[in-house]
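Have a look at the structure below before the remarks.
The values are calculated or read from the model by the stated rules, or taken from the named source; none is laboratory data. This one's a predicted model, so the numbers in the text were calculated from it and none came from an experiment. Here the Cβ is made from the backbone with ideal geometry for all residues, glycine too, and neighbour counts use every protein chain on show.
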């Protein structure tokens with residue numbers, strides 16, 4: 001008759017449990033490696049208006065009056081509000097970077113005698129997003145995000161036509177720059193855009209400096225073109 005050694009049985013059970021943990025750990029490592037490999041194999045994906053900014057209107061008011069003597073640069077700032085829904089579908093793999101090129105789709109000055117050229121020597125665009133709160137400051141840290149860009153050089157707008165009250169400007173070459181979200185700001189955006197409540201609120205604040213002092217006291221209304229986006233995995 002075979003006698004069971006309790007110590008041997010315990011030893012065998014422990015070895016089996018250890019083997020199961022080793023297999024589980026191996027599978028987990030393999031899964032992480034597979035996901036990383038999948039990310040490396042996915043090419044950049046083009047997307048439209050990734051942050052919901054497209055079509056946002058910002059009316060920049062240039063303060064003060066034109067200089068009587070030496071011309072001086074004028075500054076202006078304004079904000080435009082927008083809303084955007086949550087993602088319709090969850091992403092199978094979260095992107096590591098979201099890029100969004102920001103251009104202008106239109107620019108109109110409320111002056112029928114507007115200058116032939118408007119040169120924006122600098123422009124800074126700041127975007128704040130939130131949900132579940134009346135304003136950005138009162139939103140929970142996980143329910144808000146903020147990111148910004150600055151132009152790399154001057155943005156030149158050439159007058160194209162005028163009416164009895166306004167002048168429109170050609171914006172075909174008017175690029176402000178590209179948002180490049182990763183890390184914390186990207187995590188914040190994904191959290192806002194993938195969890196309730198919806199819709200989400202956003203605010204785009206544009207600060208500019210223009211070389212033409214005759215713009216003092218006028219308002220330049222621009223509409224953002226944020227249609228071009230890229231997801232990188």
Candidates 78, 40 - the one that is more than 16 Å from the chain's Cα centre (by Cα), modelled with pLDDT of 50 or more, in a strand (DSSP E or B) and closer than 30 Å to residue 227 by Cβ
78
Is one or more of the residues making up the range 109-124 farther than 14 Å from residue 185 by Cβ, under 15 Å from the mean Cα position of the chain (by Cα) and assigned by TED's automatic domain parsing to the domain that holds residue 173?
yes
Tell me, yes or no, whether the range 94-102 has at least one residue that is over 15 Å from the mean Cα position of the chain (by Cα) and farther than 22 Å from residue 167 by Cα.
yes
Could you grab me the full set of residues in the range 197-214 that are in a strand (DSSP E or B) and out of contact with any helix residue (DSSP H, G or I) (no Cβ under 6 Å at 6 or more places or on another chain)?
201, 202, 203, 204, 205, 206, 207, 208, 209, 210
What tally of residues in the range 174-196 results from selecting those that are in a loop (DSSP other than H, G, I, E, B) and either over 25 Å from residue 98 (Cα atoms) or modelled with pLDDT under 95 (or both)?
2
Give me the residue from the range 197-233 that is within 19 Å of the chain's Cα centre (by Cα) and farther than 20 Å from residue 55 by Cα and, out of that set, surrounded by the fewest Cβ atoms within 10 Å (Cβ to Cβ).
232
Can you say whether residue 172 is surrounded by fewer than 15 Cβ atoms within 10 Å (Cβ to Cβ), in the same structural domain as residue 213 (by TED's automatic domain parsing) and over 27 Å from residue 199 (Cα atoms), as far as the supplied structure shows?
yes
Residue check for residue 164: modelled with pLDDT under 95 and under 30 Å from residue 113 (Cα atoms):
no
Of all residues being assigned to a loop (DSSP other than H, G, I, E, B) and touching a helix residue (DSSP H, G or I) at 6+ places or on another chain (Cβ under 6 Å) in the range 116-137, which is farthest from residue 45 (Cα to Cα)? Just the residue, please.
132
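Could you check how many residues of the range 138-157 are touching a helix residue (DSSP H, G or I) at 6+ places or on another chain (Cβ under 6 Å) and outside any strand (DSSP E or B)?
1
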